[in-house]
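Written out below as structure tokens is the structure these notes cover.
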Amino acid sequence: MNIEKINEKYCLHDCVINKIGIKDSALILYADKGIYEFDVNIGTHKIRENCDILIKIDNLNEKESYEHISIYLFKKNVRKDISFKKFCEMIKKDNFKIYLDFYSSFAQGLLLKGYCNKYEIELLITEVNDIQFIFTK
């Protein structure tokens, strides 16, 4: 799905990411509790459970993920860059709870803002080629 069409059909606001990883040049966000999908029949969003979000980026690999993925942790108004590996460890301990999702068709990127434990997190992903939403149930 093209990045500019995402918010017409899906919304990650108030969704929980319980696992994250990189496989086959894709960043994968696992949302077992689901994401919001727009239902044209009722004209509103409804939760759809067990979603894997595949964010495809050319030549993405975990070792050089910093080229396309920036993660900022905020603690007492101080911003700190953290590694992808550290963010994965944080999510294993305490899920990433998203409260805002922004999409840029010009930059082909998305910004997810949320909380992991007591820390505010900004996850910025750039040079996105495609996004797929796979519902496993």
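Bear in mind these aren't lab numbers, they're just calculated from the coordinates by the rules spelled out. Every value quoted in this text rests on a predicted model; they were computed, and no experiment measured them. FYI the Cβ positions are ideal-geometry reconstructions off the backbone, even for glycines, and counts take in every protein chain you see.
Here are some notes:
- Here the contact order of the range 3-135, divided by its residue count and restricted to Cα pairs under 8 Å and six or more residues apart, works out to 28 percent.
- Efficiency of FRET from Cβ geometry, Leu124 and Glu64, R₀ 22 Å, rounded to 0.05: 0.90
- Proximity of backbone amide H atoms, modeled 1.01 Å from N, is registered between His68 and no other residue at under 5 Å, excluding neighbours fewer than 5 places apart on the same chain.
- Helix content alone sets the calculated 222 nm mean residue ellipticity of the chain: runs of n ≥ 4 DSSP H residues at -39500 (n - 2.57) each, divided across all residues, give -2500 deg cm²/dmol.
- Those chymotrypsin sites (Phe, Trp or Tyr not before Pro) in the range 72-137 that DSSP places in a loop and that have at most 13 other beta carbons within 10 Å: Phe106
- The range 4-16 - phi-based ³J(HN,Hα) in whole Hz, Karplus 6.51/-1.76/1.60, Gly and Pro as x: 6, 9, 4, 6, 6, 10, 10, 9, 9, 4, 6, 9, 10
- Loop-located GluC sites (Glu not before Pro) in the range 55-137 (DSSP state not H, G, I, E or B) with no more than 15 neighbouring Cβ atoms inside 10 Å: Glu62, Glu64, Glu127.
- Binning the C-alpha pair distances of the range 48-137 at 10 Å intervals from 0 yields a P(r) profile of 15, 46, 35, 4, 0 %, listed from the shortest bin outward.
- Shown here for the range 1-108: trypsin sites (Lys or Arg not before Pro) in loop regions (DSSP other than H, G, I, E, B) with at most 11 other Cβ atoms within 10 Å, namely Lys63, Lys76.
- Across the range 124-137, computed HN-Hα scalar couplings (Karplus, 6.51 cos²θ - 1.76 cosθ + 1.60, θ = phi - 60°) run 10, 10, 10, 6, 7, 8, 6, 10, 10, 10, 10, 9, 8, 10 Hz from first to last residue, x flagging Gly and Pro.
- Under 5 Å, built H, 5+ apart or other chain: amide partners of Glu120: Phe74
- Positive contributions from Lys and Arg (+1) and negative ones from Asp and Glu (-1), summed over other residues with Cβ under 14 Å from the Cβ of Cys51, come out at 0.
- Using θ = phi - 60° and Karplus 6.51 cos²θ - 1.76 cosθ + 1.60, couplings along the range 24-40 (whole Hz; Gly, Pro as x): 6, 6, 9, 7, 10, 9, 9, 10, 4, 7, x, 10, 8, 10, 6, 9, 5
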